[in-house]
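What follows is a short report on a single structure.
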Amino acid sequence: MSDAPDLLPVHVLTGPLGSGKSTLLNRVLRGGLAPDTAVIVNEFGQAGLDGTFIQEDAEEVLVMDNGCVCCTLRADLVDTLMRLAALRDARGWPLRRVVVETSGISDPVPLLHTLRADTRLRDRFRAGAVLCTVDAQAGPAALAERPEYAAQLAAADIAVLTKTDLAGGAATQALAAAVAGANPLAAQLRGEDAALQARLAAGAGTPEAAFRILDALPAGPAAAAPAHGVRHVVLRYPGPLSWPAFAIWLTQLLHLHGDRILRTKGVLFDRDRGAWIGVHGVRRFLHPPVHLQSGKPPESGSCLVFITDGLDPARIAQSYRRLWSACAEPATQP
Amino acid sequence: MCSLCGALGRGVSWEQDGLAPAESRTHRRREAAATAAELSRLLRPLRITVDAHPDFGFLVSFPTGGTQIAGGLAEIWHLLDGRGLAIPDPLLAP
């Protein structure tokens, strides 16, 4: 997401227990990404995931097996990534990306925070894409089994529907609709390993591509998704906004309600810069804002999407409308 | 670590991090001043004023006379939380 090509992307592979994370990762590595990919496997408990199998292919596999990455292992994660950086420097290893496979009940957000907050990591690594596997055979009902699953899916940039060959066409279609309802911001892939490999090889896409998914979303609130109280709203308003006012509003909103705002993504035209800016957040974690080389005219307006859990998105819509109304007033020169 | 600290970028605040390397220092200073003015307006009920500082973000002045430095917006909200002050909720109508 950031404009920092020298920083290694750290992609997070998450998803419910048994949804096929390791199988997917093995396939992707064997498809050509192994030589320049490091894999960190976060095992939880005694059950080994697939470390040996992965190790056949990956240049370097590090297993963190002392607990769940979102609870206790952030210091270990920092050490592990710095070990990778040292290996890269010492061996001249053409490392291009890191994939962290989390345990099935992990929350990916603390991992993202760690990448930004640790002063050593943020000079070497950046947050990449969040990938979430969703088991088509288990169906939409499985998403509601645990609140962690809804949060994992909401955080995803790419949702990979797995076991579609076992589930059949109708069940896969039903799951795809449920996933789109729970996270309309996620690109969906179904057994398209080549497409996933290409995305990861390209650093999970250009900034423009990452925000293009917003173009197709219809404005307005959506019905509740099948997972807990997850809902989303697509807010579109014509004309430019003031970046300082927007930044204050968004950080204030996330500070107070970030526990219930699973995801934020949008593009807006900053009237002072005369430029489009992309914003992207997972709960209280905000990726750096991105300058977009968009050919859209300013009048085409901003688009902002929120995915919430236990918070009526209509309240955010009302608040955003007030902000937009204030921004529509003539700008005051500081 | 508090989760919002992760929002801070490399040496600058989230709201300025990554925006545009080519942007002039003058533009950034003007934007920081506009942000400080908007914050002061927002926080007037708490009798808090915010000033932009070219080197380290913001100076937050409290009605008791104390002043604290904040690197960015996220840090300002934390400062207010730390002092037990009620941050205005954007979901509540003014």
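The values are calculated or read from the model by the stated rules, or taken from the named source; none is laboratory data. A quick note: this is a predicted structure, and the numbers were derived from the prediction, not measured. Methodologically, a virtual Cβ is constructed for each residue, glycine included, from the backbone with ideal geometry; neighbour enumeration extends over all protein chains shown.
The single condition from (1) touching a Phe, Trp or Tyr at 6+ places or on another chain (Cβ under 8 Å); (2) more than 8 Å from every other protein chain (Cβ to nearest Cβ); (3) not charged (D, E, K, R) that A:L250 fails is (1).
Do you know which residues across the range A:311-334 are of a type outside the set (S, T, N, Q), under 22 Å from B:L92 (Cα atoms) and at pLDDT below 90?
As a first pass, look at the range A:311-334 and keep what is of a type outside the set (S, T, N, Q): A:311-317, A:320-324, A:326-331, A:334.
So of that shortlist, the ones also under 22 Å from B:L92 (Cα atoms) come out as A:311-317, A:320-324, A:326-329.
A:W324, A:A326, A:C327, A:A328, A:E329, listed by residue number.
Name the residue that is modelled with the lowest pLDDT, counting only residues in the range A:205-231 that are more than 16 Å from A:P313 (Cα to Cα), surrounded by fewer than 19 Cβ atoms within 10 Å (Cβ to Cβ) and among the aliphatic types (A, V, I, L, M). Only one residue fits best here, namely A:A209. Suppose the filter is more than 7 Å from chain A (Cβ to nearest Cβ) and either surrounded by fewer than 14 Cβ atoms within 10 Å (Cβ to Cβ) or modelled with pLDDT of 80 or more (or both); does B:R25 pass it? Against the criterion (more than 7 Å from chain A (Cβ to nearest Cβ) and either surrounded by fewer than 14 Cβ atoms within 10 Å (Cβ to Cβ) or modelled with pLDDT of 80 or more (or both)), B:R25 qualifies. Considering only residues in the range A:12-42 that are surrounded by fewer than 24 Cβ atoms within 10 Å (Cβ to Cβ) and small (G, A, S), the one that is nearest to A:T114 (Cα to Cα) turns out to be A:S22.
If B:G72 passes every condition in (1) away from chain A (no Cβ under 13 Å); (2) modelled with pLDDT under 95 but one, which one does it miss? So the condition that B:G72 fails would be (1). A count restricted to the range A:158-204 and to residues that are of a type in the set (A, V, I, L, M), in a loop (DSSP other than H, G, I, E, B) and at pLDDT 80 or above stands at 2.
Each residue in the range A:27-42 was checked for being touching a helix residue (DSSP H, G or I) at 6+ places or on another chain (Cβ under 7 Å) and more than 26 Å from A:V78 (Cβ to Cβ), and 3 of them qualify. If we scan the range A:96-117, do we find a residue that is under 21 Å from the mean Cα position of the chain (by Cα), crowded, with 18+ Cβ neighbours inside 10 Å, part of a helix (DSSP H, G or I) and more than 14 Å from every other protein chain (Cβ to nearest Cβ)? There is no residue in the range A:96-117 that is under 21 Å from the mean Cα position of the chain (by Cα), crowded, with 18+ Cβ neighbours inside 10 Å, part of a helix (DSSP H, G or I) and more than 14 Å from every other protein chain (Cβ to nearest Cβ). Of the residues making up the range A:282-303, those that are more than 8 Å from every other protein chain (Cβ to nearest Cβ), assigned to a strand (DSSP E or B) and either crowded, with 24+ Cβ neighbours inside 10 Å or among the polar types (S, T, N, Q) (or both) are A:V282, A:S302.
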